[in-house]
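To start, the structure under review is shown below, and the notes come after it.
Just so it is clear, none of the values below were taken in a lab; they were calculated from the coordinates. Quick caveat: nothing in here was measured; it's all calculated off a predicted structure. Note that we place each Cβ from the backbone using ideal geometry, even for glycine, and neighbour counts take in every protein chain shown.
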Amino acid sequence: CWLVILKYDMVTPITLSDMGVLLGMRSRLIAAACLVGCVLAALGYAVVVQRSRRGGGGAPTPAATAASGFPVAVMDSAGRTVSFSKPPERVIVLYGYWAEVLYCLGVGDRIVGVGKDVRKVELLPEYIREKPSVGSVWRGLSWEAVLNLSPDLLVMGLWWGSFEPKEAEIVKKAGELGIPVLALGIPDSSKTGTRMPYENIRIIRVLGEVFGRREKAEELAKFLEEYYSRALEIAKKIPEGERKRVLVVYGSSIAGKYATGAISISYRGSAYAEAVELVNAHNVAFDYNFTTQYPKLDLEKLIAYFGEKTDILIVVDWDEERLSAAVEKVKSDPRWHEIKAVREGRVVGLLVASWKKGGAVLYGPRFVTGIYAFGHAIYPEYYPDWKPIYEEIIQRFYVGG
């Protein structure tokens with residue numbers, strides 16, 4: 001019986017009797033045990049040496065994995081080019097829509113901190129919702145909390161197509177601290193070449209690039225793109241004579257603590273406004289030149305602008321109770337009856353809850369539910385109910401995401 005010890009390229013035979021001497025004449029049982037151990041160790045060492053000489057083998061190191069397909073440079077919704085030498089590993093996400101995308105791409109475990117409202121998103125697992133909160137864009141971030149999490153990426157929103165002062169402040173401060181920022185949301189179309197709601201698909205592909213999850217991102221993007229294309233095909237079938245004129249107003253400006261008398265409407269560039277046009281209705285707000293996606297008008301001016309040209313009035317809100325209160329106020333207030341749609345009983349309330357299960361949205365991985373919700377509200381005879389689409393998205397991309 002021979003014990004073979006491998007060391008580099010040398011092979012030295014040693015008999016068992018020699019081994020016995022070396023072991024101080026211990027029992028044969030102990031010698032046999034040592035023999036087996038030495039053989040296994042020697043074989044393992046030889047394999048390592050051989051693999052090191054070939055320059056590979058075994059599982060790749062984290063660095064090797066990270067380097068695959070990198071560096072990459074992507075454009076965020078603001079038209080900023082952001083470069084990455086490797087996939088981010090410690091991410092702070094300030095909005096639930098983009099946390100949902102990361103979860104669907106299978107990188108939710110890289111989220112180390114969240115914006116305050118992300119914790120409300122019922123479709124996200126607890127391990128994401130329970131991450132430390134760093135505050136919110138509008139009430140201010142705790143930069144101490146941000147730094148304590150040592151992020152290598154901050155994902156924020158962009159809701160006006162350009163940076164509002166508080167958003168710009170975050171980008172500036174993060175830059176000073178050396179934290180890369182991706183601003184995702186309503187795009188600067190002059191730079192991205194896209195508009196909402198299609199920008200959602202581009203964002204999914206961007207995040208797939210950044211996190212090295214291109215295949216998963218493409219699977220999700222193509223799925224959503226298919227439903228998006230179907231919506232466009234349905235829109236083409238609607239006769240010009242049946243085309244509806246629609247106005248979208250925000251329930252939060254009609255009822256509740258934020259109602260100050262000025263009514264917020266959805267204008268060009270916002271997802272709700274664009275969804276109306278996408279399903280082949282006409283957003284009557286587009287007949288005027290406003291300077292913001294969310295113009296505010298008092299009720300008298302609203303009536304003067306849109307009173308006789310609105311076939312359907314859609315009230316949107318993300319709070320169910322407030323939505324009901326806003327719709328009821330519109331229907332019961334005689335002044336609102338000066339608007340044709342209200343007078344003729346064509347007021348529709350749409351719950352567009354980003355954080356509630358079962359809600360239609362126009363951002364993130366569920367954005368097509370919002371398109372079909374608007375389509376069905378305006379043209380129920382043409383567009384199917386959005387709820388089965390919602391269920392398909394959840395089962396395919398959220399369960400175990």
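Within segment 326-401, which GluC sites (Glu not before Pro) sit in a loop by DSSP and count at most 16 neighbouring Cβ atoms inside 10 Å?
Numbers: sites: E328, E338, E344, E381, E391, E392; in loops: E344, E381.
Answer by residue number: E344, E381.
Based on DSSP, what percent of beta bridges with both residues in segment 213-340 are antiparallel, to the nearest 5? Intermediate results must be reported in sequence, preceding the final value.
Working: 4 of 11 bridges.
Just about 35 percent of them are antiparallel.
Starting from the Cα coordinates of segment 344-385, work out the convex hull volume and express it per residue in Å³. Working shown, then result.
On the way: hull volume 2.9 nm³, N = 42.
Output value, Cα hull per residue: 70 Å³.
Go through segment 365-376 residue by residue and turn each phi into a ³J(HN,Hα) via Karplus (6.51, -1.76, 1.60, θ = phi - 60°); whole Hz please, and just put x for glycine and proline.
x, 9, 4, 5, 4, x, 4, 6, 5, 5, x, 5
With no solvent and one equal point scatterer per Cα, compute the Debye intensity ratio I(q)/I(0) for segment 289-377 at 0.11, 0.20, 0.21 Å⁻¹ and report its log10, rounded to two decimals.
Results for segment 289-377 at q = 0.11, 0.20, 0.21 Å⁻¹ read -0.35, -1.06, -1.12.
Note down, for segment 207-278, the three equivalent ellipsoid semi-axes (square root of 5 times each alpha carbon gyration tensor eigenvalue), biggest first, whole angstrom.
Working: eigenvalues 203, 108, 13 Å².
Gyration-tensor ellipsoid for segment 207-278: 32, 23, 8 Å.
Check which residues have an amide H placed less than 5 Å from L153's amide H, if you skip close sequence neighbours.
R90, I92
Please arrange Y383, Y127 by how many other C-beta atoms lie within 10 Å of their C-beta, fewest to most. Spell out each step's value before the answer.
Working: Y383 22, Y127 11.
Fewest-to-most ranking of Y383, Y127: Y127, Y383.
With equal scatterers on the alpha carbons only and no solvent term, can you work out the Debye log10 of I(q)/I(0) for segment 273-325 at 0.16 1/Å?
Reported log10 I(q)/I(0), two decimals: -0.59.
Viscosity 0.692 mPa s, temperature 37 °C: what is the translational diffusion coefficient of segment 69-228 from Stokes-Einstein with a Kirkwood Rh over Cα pairs, rounded to a whole number of µm²/s?
210
Quickly rank 100-110, 311-321, 143-153 as a protection proxy: mean count of other C-beta atoms within 10 Å, highest first. Don't skip to the end; give the middle numbers.
Numbers: 100-110: 22.0, 311-321: 20.0, 143-153: 16.0.
Taking the mean over residues of other Cβ atoms within 10 Å, the ranking is 100-110, 311-321, 143-153.
Note down the nm distance, to one decimal, between modelled labels 7 Å out along Cα→Cβ at S85 and at A304.
Going by the 7 Å Cα→Cβ label model, 6.0 nm.
What dipole magnitude, in Debye to the nearest 20, does segment 69-228 give about its Cα centre under +1 on Lys/Arg Cβ and -1 on Asp/Glu Cβ? If you can, show how the numbers build up before the last one.
Working: 21 positive and 22 negative charges, 41 e Å.
Dipole magnitude for segment 69-228 comes out near 200 debye.
Tell me the volume per residue, in Å³, of the convex hull enclosing the alpha carbons of segment 186-233. If you can, show how the numbers build up before the last one.
Values: hull volume 3.1 nm³, N = 48.
Dividing the Cα hull volume of segment 186-233 by its residues yields 65 Å³.
For the ranges 292-299, 68-75, what's the packing order if you count other beta-carbon atoms within 10 Å of each residue, average per peptide, and put the highest first?
On the way: 292-299: 16.9, 68-75: 13.2.
Output ranking for 292-299, 68-75: 292-299, 68-75.
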